[in-house]
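Take a look at the structure below.
Bear in mind these aren't lab numbers, they're just calculated from the coordinates by the rules spelled out. If you're wondering where the values come from, they're calculated on a predicted model, not measured in any experiment. Glycine also receives a Cβ, built like all others from the backbone with ideal geometry; neighbour counts cover every protein chain displayed.
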Amino acid sequence: MQAIYDFLYSPGLPLKPVGLVIGLWLVASHVFALVKPEVVKPHLKSFPRNEKIGIPLVIFCFAWGFVIWSCMDLGEFYKIERVVQVVIAGVCIGVIALVREFLAVRALGFFLILVAAPLLDAAFLEEPKTRLLLVALAYAGALKGMFWIGMPYLLRDQINWLLKEDVRLKVGALAGAVYGMLLVICALLFW
């Protein structure tokens, strides 16, 4: 567990590989959505209530939270470390058992909040101003994540709006691919 925590948080991830990975992921996923919309549409439409994705993602996110709590310096709270570990495990089981409605959306929101910290840490005090592309993406993801956890029907409504007209999906996919290309170019040239 400590090795995972140290990899993500201790010295911080280097900006260039993070930018490349996130940029390439954005390019690949959005170009796929642009080229194969007939494949992407049904998956997007079914995602908010998809328990096959939601349950493993919830478990992954709670495991990530468990690692953070178990490995970070708790200061004076070290006395309750074990209690909170049990609470984290119990809440994970409770969420899976009792919060079935829009579980995948809530898990995605949780994931976006968790992933923001390593992204922001990678860009922290780095020199080129282009790093703010990664910072903006991390903050936008964390903000969306908070709304999707509290009001998960918003993602369903956003997906329905996006899929209502083909041009919306094309513009969204193109915008995501361009943003990903900007990240890749900046990572290769400036970071």
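A few points about this structure:
- Number of residues in the stretch 142-184 that are over 30 Å from E101 (Cα atoms) and surrounded by 14 or more Cβ atoms within 10 Å (Cβ to Cβ) equals 8.
- If only residues of the stretch 87-141 that are surrounded by fewer than 16 Cβ atoms within 10 Å (Cβ to Cβ) and among the acidic types (D, E) are counted, the one that is farthest from F62 (Cα to Cα) is E127.
- Search result, residues across the stretch 27-56 that are in a helix (DSSP H, G or I) and either polar (S, T, N, Q) or in contact with a Phe, Trp or Tyr (Cβ under 6 Å, 6 or more places away or on another chain) (or both): S29, S46, P48
- In the set (1) over 20 Å from R106 (Cα atoms); (2) loosely packed, with under 15 Cβ neighbours inside 10 Å; (3) not hydrophobic (A, V, I, L, M, F, W, C), the condition left unmet by H30 is number (2).
- Test result for L8, more than 27 Å from F66 (Cβ to Cβ), crowded, with 16+ Cβ neighbours inside 10 Å and not aromatic (F, W, Y): no
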